[in-house]
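The values are calculated or read from the model by the stated rules, or taken from the named source; none is laboratory data. Everything numeric here is computed off the predicted structure, so don't read it as measured data. Neighbour counts run over all protein chains shown; Cβ positions are idealised from the backbone, glycine included.
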Amino acid sequence: MKAFRVSSLVALAVAAALSGCAATQDVAQSTMGSVKSVLGQEQVTRQEVGPQLYEVAYSANDDVVYVASAGGFDTNANPPKILKLDPKTLAVKGEFPLAAPAFGLALDDEAHRLYVADTRGPSVLVVDTTSGQTLATVPLEKKVREIVLDKANHRLLLPGMDYKGKSTLQVVDTDTLKLDKVVQGFGYGATGIALNEQAGKVYVSNLVGQLYEVDAATLAITNKFEVPVDQMLNVAFDSANGRVLAVDEGLDKLNEKRVREGFQYTPRSKGNQVAIIDPSNGQVTASVESGKQPIALLVDAERSRAYVSNRASGDVTVLDAKTGKVLKTVSLPTHPNSLALDKKTGTVYVTIKNGRDVSQDQKESVARIAF
């Protein structure tokens, strides 16, 4: 799950559960428009679709965009749901109602399953995307942001966040749909996770400059790297170039939180950048300036592009994944959040959140960046 409001990151709040499937009757009013990025001719289309949007996933099998809409937290607030969007127009085509707020998403397109992170529960909801029915609710031990699907080992991998230095890696068996194992030892605020499928390695990052390498088969921690990148909120693996990319969020409130709680840590980096890391030794081979408060990462290995959503500056940075060069900056309204890719076309989908001063009932938007 890529990113939250600033207050959500610090307070660790969001929850979700699923029930049933229904078609939506109220297609959101479009705020569609075409704009050009600073350096290219790609078209950006945006539409308001629902309140409290978080992660997004594109289904190639069903040609639909799934978006987690957390709804509100008050008694009379809008109910949470998974929205189904037309990938070209972003019109709402249907919805799966939820029993509680949803946050992170991981899609198994071939199995027709959508895994939904209930951050505050905490739990994982397993949804049949054909029927919209919940197949299982899997209780977890610690709060989560991100879900990675390891199909080779029939597992879901979820970093369990802990701000007392006791983060974990929670492992769910996708056959039994039960919590199979909890791996200890991931330090302060483990949030980011990425999978190197070919090598069978998992990378977990935390918010005090530590990157862990885990054997995907045995789940043993095989390396721990001290990286000069303070706030690795999210990481991604670039399979074409064999490197780990990490955002360095640069959030002052997180630094203040560490001090307030007495956690001893000396800052190592300036924030507002993307680090390119050699996973064999944990060395940063390049640091690339991003927009302000980078949140989510997405790698398009086939086109050698990497995308970074920058919450505070309201844009998406497009990088050459091989060289680290900034190719262009796509301007969006604040605050861009999560990213998803149509691998066939290279189209990118971005959720855009409202500001903290806006009512939770007000709709948020999804943008489509087409090349």
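Observations on the model:
- Selection from the stretch 311-342 of residues that are outside any loop (DSSP other than H, G, I, E, B) and more than 18 Å from Val299 (Cα to Cα): Ser331
- Being of a type in the set (Asp, Glu), crowded, with 16+ Cβ neighbours inside 10 Å and under 16 Å from Leu341 (Cα atoms) holds for only one residue in Glu55, Glu95, and it is Glu55.
- Tyr188 being closer than 26 Å to Arg258 by Cβ, among the hydroxyl-bearing types (Ser, Thr, Tyr), modelled with pLDDT of 95 or more and in contact with an Asp or Glu (Cβ under 7 Å, 6 or more places away or on another chain): no
- Only one of the listed residues (Asn281, Asn234) is more than 29 Å from Ala370 (Cβ to Cβ) and polar (S, T, N, Q). That residue is Asn281.
- Within the stretch 313-364, tally of residues that are under 23 Å from Ala60 (Cβ atoms), surrounded by 16 or more Cβ atoms within 10 Å (Cβ to Cβ) and of a type in the set (S, T, N, Q): 4
- Which numbered condition Ser280 fails, given (1) under 24 Å from Asp150 (Cβ atoms); (2) in contact (Cβ under 8 Å) with a residue 24 or more places away in the chain; (3) part of a loop (DSSP other than H, G, I, E, B); (4) not β-branched (Val, Ile, Thr): (2)
- Candidate set: the stretch 46-72, residues that are of a type outside the set (D, E, K, R) and in a loop (DSSP other than H, G, I, E, B); chosen: the one nearest to Ser331 (Cα to Cα): Gln52
- Of the criteria (1) of a type in the set (A, V, I, L, M, F, W, C); (2) touching a residue at least 60 places away in the same chain (Cβ under 8 Å); (3) touching a strand residue (DSSP E or B) at 6+ places or on another chain (Cβ under 7 Å); (4) over 24 Å from Leu149 (Cβ atoms), which one Val227 fails: (2)
- Asn272 meets each of the listed conditions (1) surrounded by fewer than 21 Cβ atoms within 10 Å (Cβ to Cβ); (2) modelled with pLDDT of 95 or more; (3) under 22 Å from Pro159 (Cα atoms); (4) not aromatic (Phe, Trp, Tyr) apart from (3).
- Answer residue from the stretch 51-64, given it is touching a residue at least 40 places away in the same chain (Cβ under 8 Å) and over 15 Å from the mean Cα position of the chain (by Cα) and is farthest from Thr130 (Cα to Cα) among those: Pro51
- Which listed residue is surrounded by fewer than 17 Cβ atoms within 10 Å (Cβ to Cβ), touching a Lys or Arg at 6+ places or on another chain (Cβ under 8 Å), in contact (Cβ under 8 Å) with a residue 12 or more places away in the chain and not hydroxyl-bearing (Ser, Thr, Tyr), from Gln184, Gln170: Gln184
- Residue list for the stretch 58-76, restricted to those being touching a strand residue (DSSP E or B) at 6+ places or on another chain (Cβ under 8 Å) and either farther than 16 Å from His112 by Cβ or buried (at least 16 other Cβ atoms within 10 Å of the Cβ) (or both): Tyr58, Ser59, Val64, Val65, Tyr66, Val67, Ala68, Ser69, Ala70, Gly71, Gly72
- Look at (1) touching a helix residue (DSSP H, G or I) at 6+ places or on another chain (Cβ under 7 Å); (2) part of a helix (DSSP H, G or I); (3) of a type outside the set (Phe, Trp, Tyr) and you find that Asn255 fails only one, number (1).
- Matching entry among Thr351, Thr345, Thr285, Thr266 (being of a type outside the set (A, V, I, L, M), assigned to a strand (DSSP E or B) and over 18 Å from the mean Cα position of the chain (by Cα)): Thr285
- Listed conditions (1) surrounded by fewer than 24 Cβ atoms within 10 Å (Cβ to Cβ); (2) at pLDDT 95 or above are all met by Ala236, apart from (1).
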